[in-house]
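**Student:** Let me give you the structure first, and then I'll get to my questions.
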Amino acid sequence: MDRYRSAALGLYGLAVVARLLTWGELSASERSDSAVTLLLVGAAIAAVLSLGSTRTDRSDE
């Protein structure tokens with residue numbers, strides 16, 4: 001599971017860096033939309049990864 005967690009976080013980090021590199025070219029409304037999208041996607045990834053870790057913890061018992 002650690003391999004998938006690392007891959008998911010790496011891809012998310014890459015998306016954040018790519019968005020930051022183009023940040024200056026965006027209008028104010030696009031920046032707002034982009035920030036909200038990045039936060040929502042980050043929250044979704046965190047939820048999925050935490051769900052996977054609790055499932056793994058339960059199977060160990």
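Read-outs throughout are calculated quantities, based only on the coordinates presented, and are distinct from any laboratory measurement. Since the structure is predicted, the reported quantities are computational estimates derived from the model, not experimental observations. Because the Cβ atoms are built from the backbone with ideal geometry, glycine has one as well, and the counts that use them run over all protein chains shown.
**Student:** Taking the Cα-to-Cβ direction at LEU49 and at ALA18 and moving 7 Å from each Cα, how far apart do the two end points lie in nm?
**Tutor:** The modelled label-to-label distance comes out at 1.8 nm.
**Student:** Taking R0 as 35 Å, what FRET efficiency do you get between ALA7 and GLU30 from their Cβ-Cβ distance, rounded to the nearest 0.05?
**Tutor:** Working: r = 28 Å, r/R0 = 0.80.
E between ALA7 and GLU30, to the nearest 0.05, is 0.80.
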